[in-house]
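None of the figures in this text is laboratory data; all of them are computed from the coordinates on show. Please read these numbers as outputs of a predicted model, since none were measured by experiment. Note that we place each Cβ from the backbone using ideal geometry, even for glycine, and neighbour counts take in every protein chain shown.
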Amino acid sequence: MGPMNNGALVLFSGGQDSTACLAWALSRYDRVETVGFDYGQRHAVELEARQAVRARIVREFPDWSPRLGDDHMLDIRSFGALAETAMTSEREIEITEKGLPSTFVPGRNLVFLVYAAALADRRLLGALVGGMCETDFSGYPDCRRDTLDAMQQALNLGMEQTFRIETPLMRLTKAETWALAKGLGGEALVELTVQDSHTCYLGERGVLHAWGHGCGTCPACELRRRGFEQWDADGRPALAS
């Protein structure tokens, strides 16, 4: 299967950010696999979006298609049940007493990375690629780069490995993420992201807006919409990948 560090495992939810990360990895690594997590999320429609995005990449991006390897789906609903947040239960999306959105699932990205690293170890993949960002985000502490640096060190110490946690969106605004998508895959990747990726926390897929499907009012939709509108107003520039 090739030596460690010759490939990447993308934490792939099927959303805008992870779609950009998948394209970013496919432009850099010879072998790219994806992993998704069923943690009982309200917007479980994203699990269907994952397959739609992957299938369209295979059809429309012949340079990337041979590099796209296996997809893995991990059932961690028992973890999601512990959280009791607006992401996993019918609760209002609001700011909690900790000053964090009620969509924050404590430790979610940390758990994702533990599972991903265990899988990557078996698949001989040296890079773990995630869409975490601390520029335009909802304030989640497990999206910060210092958190991920600590996690990378812990994984490598605990597994006797040399994993790299890659976060290509860490310093980008949402507008710049749209620009990155265009830089990586042109308008075809932008169109794919709009039509097939899913970000809305409420799982709304009825209306297709200029920026994609979604309720338009949840925090995820608001970030995505504002980023698209800013990027579009700037003339839809491409960001060098």
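May I ask you to order 13-21, 167-175, 227-235, 209-217 by the average number of other C-beta atoms within 10 Å around their residues, highest value first?
Top of the packing list down: 13-21, 167-175, 209-217, 227-235.
Once you put a point 7 Å from the Cα of Leu110 and another 7 Å from the Cα of Thr162, both along the Cβ direction, what distance in nm separates them?
Inter-label distance under the simple model: 2.8 nm.
Given a Förster distance of 35 Å, report the FRET efficiency between Ala210 and Asp38 from their Cβ-Cβ distance, rounded to the nearest 0.05.
0.70
Can you tell me the order of 177-190, 57-70 when each peptide is scored by its average per-residue count of other Cβ atoms within 10 angstrom, highest first?
Put in order of decreasing packing, that is 177-190, 57-70.
Let's test the formula: R0 of 22 Å, r as the Cβ-Cβ distance of Arg236 and Asp63. What FRET efficiency results, to the nearest 0.05?
The calculated FRET efficiency here is 0.50.
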